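Every read-out reported here was derived from the displayed coordinates using simple, explicitly stated rules and does not represent laboratory data. Note that this is a predicted model, so its numbers are computed, not measured. Here the Cβ positions follow ideal geometry from the backbone for every residue, glycine too, while neighbour counts run over all protein chains shown.
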Amino acid sequence: MFTRFCAAVSKLSLVLAVIGLLAVVVCVQWQVFGRYVLNDTPTWAESLAMLIVLFVTAFGLGVGVRDAGHIGLESLVVLLPDQWRHRIEILIHVLVGIFGFLMIQGGWLWASAKWNEKKPMLPVPDGIDYVPVIIAGCLILLFSIEHVIASLRGEVVEPSWN
């Protein structure tokens, strides 16, 4: 049940990332249209596109952790005996999960500190820039827990795109 929940969250994250990429394209195209056709550059378009890129990155990062697409030093781990390799893989997922937890903590701290300030070009709080760090941290922690549970059961986490 937990794996199905994580798979659904991962697929939702992929969908949101694709929608975000499409929104970035629309923002940039609107900025180009405004600049060269209307002779009036929309000042908010670039800021909005950059903010959306942060969210797209957060969703993509989480999915990358679930699908084991993150950087790893597997060339050394595969040389170990099976018992040690299994332990090291669990340790790696635990460390990645701790990193996700620290992202949640740091993102919350920065978002809280900057929430009362306003972004110059958008009518949103400046702290919104740190919300993607919190989202990415939550996804990383969730998917790391899923990997640890699957490893302890001797199972493999299926990628989201399957």
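For segment 91-130, filtering for residues that are in contact (Cβ under 8 Å) with a residue 60 or more places away in the chain and crowded, with 17+ Cβ neighbours inside 10 Å leaves 2. Listed by first and then second residue, the pairs linking a residue in segment 75-90 that is within 18 Å of residue 147 (Cα to Cα) and free of Cβ contacts under 8 Å to residues at least 60 places away in the same chain to a residue that is of a type outside the set (Gly, Ala, Ser) and in a loop (DSSP other than H, G, I, E, B), with Cβ atoms under 9 Å apart and 6 or more places separating them unless they lie on different chains, are 85/78; 85/79; 87/80; 88/80.
Residues being surrounded by 14 or more Cβ atoms within 10 Å (Cβ to Cβ), farther than 21 Å from residue 134 by Cβ, hydrophobic (A, V, I, L, M, F, W, C) and touching a residue at least 60 places away in the same chain (Cβ under 8 Å) are entirely absent from segment 25-33. Within the option set 160, 151, 144, being over 15 Å from the mean Cα position of the chain (by Cα) and polar (S, T, N, Q) holds for one residue only, 151. Checking each residue in segment 1-49 for being closer than 30 Å to residue 141 by Cβ and polar (S, T, N, Q) picks out 3, 10, 13, 47.
Listed residues 45, 17, 68, 7; which is aliphatic (A, V, I, L, M), surrounded by 15 or more Cβ atoms within 10 Å (Cβ to Cβ) and not in a helix (DSSP H, G or I)? Answer to the selection: 68. For segment 150-162, a residue qualifies if it is buried (at least 16 other Cβ atoms within 10 Å of the Cβ) and out of contact with any Leu (no Cβ under 7 Å at 6 or more places or on another chain), and the qualifying residues are 150, 151, 157.
All told, residue 46 falls short of being of a type in the set (Asp, Glu) and closer than 17 Å to residue 156 by Cα.
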